[in-house]
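Rule-based calculations on the coordinates, nothing more; no lab input. Keep in mind the model is a prediction, meaning the values are calculated, not measured. In this analysis, Cβ positions are derived from the backbone assuming ideal geometry, glycine residues included, and neighbour counts consider all displayed protein chains.
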Amino acid sequence: MSASRAHQAGKREANLRAINERVVEAIESLDGGTSGLFTIICECALDNCSEMLVVPRAVLERARASAVQFIVANGHVLADVEHGIEHGEDWTLVAKHGAAAASAAGET
Ligand SMILES: [Zn+2]
């Protein structure tokens, strides 16, 4: 993957994160977030992916605590820009590395 492609992937995931944060806020305002599970949009770099994932609140909070960690569907991990650090039934918590990490963190 080229540097610019990796850069694009990082940007796309950062944009999806912004959308998912609004989704989580909406859920919390509805049920107070008491269920402990959140349905979010897959944050992978694949164009047109709109897979919905059910993720435990604790995992979501861990991802949100880092600028370079994202939640993607199993099988949507792009090994050249990220690696899985935690796995669930239908999701993988990934950490970006290299150029994708820099762009996701807003450093470029
Ligand atoms: Zn995906």
Problem - Lys, Arg +1 and Asp, Glu -1 on Cβ, resulting dipole of the chain about Cα centre, debye, nearest 20 - result: 280
Handout entry: Virtual spin-label span in nm between Ser4 and Val54, 7 Å along Cα→Cβ
Key = 4.2
Fill in the blank from the handout: Nearest 10, in degrees from 0 to 90: the angle of helix 3-31 to the longest Cα principal axis of the chain is 10
Fill in the blank from the handout: The extension gain from His97 to Ala18, computed as 0.36 nm times the residue separation minus the Cα-Cα distance, is 26.4 nm
Completion exercise
Correct semi-axes for the range 3-104, from √(5λ) of the alpha-carbon gyration tensor and rounded to whole Å with the largest first, are 23, 13, 12
Handout entry: Neighbour count of at most 16 Cβ within 10 Å plus DSSP loop: longest GluC sites (Glu not before Pro)-free window in the chain
Key = 1-88
Practice task
Express in nm, to one decimal, how much length is gained between Lys11 and Asp90 on full extension, taking 0.36 nm for each residue of separation and deducting their alpha carbon distance.
Solution key: 26.1 nm
Problem - Pairwise label distance in nanometres, Leu46 with Ala65, each label 7 Å out on the Cα-Cβ vector - result: 2.9
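Nearest 500 deg cm²/dmol is fine: what mean residue ellipticity at 222 nm does the chain get from its DSSP H runs of n ≥ 4 alone, each adding -39,500 (n - 2.57), divided by its residue count?
For the chain, the value works out to -13500 deg cm²/dmol.
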Fill in the blank from the handout: Most exposed to least, judged by fewest other Cβ atoms within 10 Å, Arg22, Arg64 sort to Arg22, Arg64
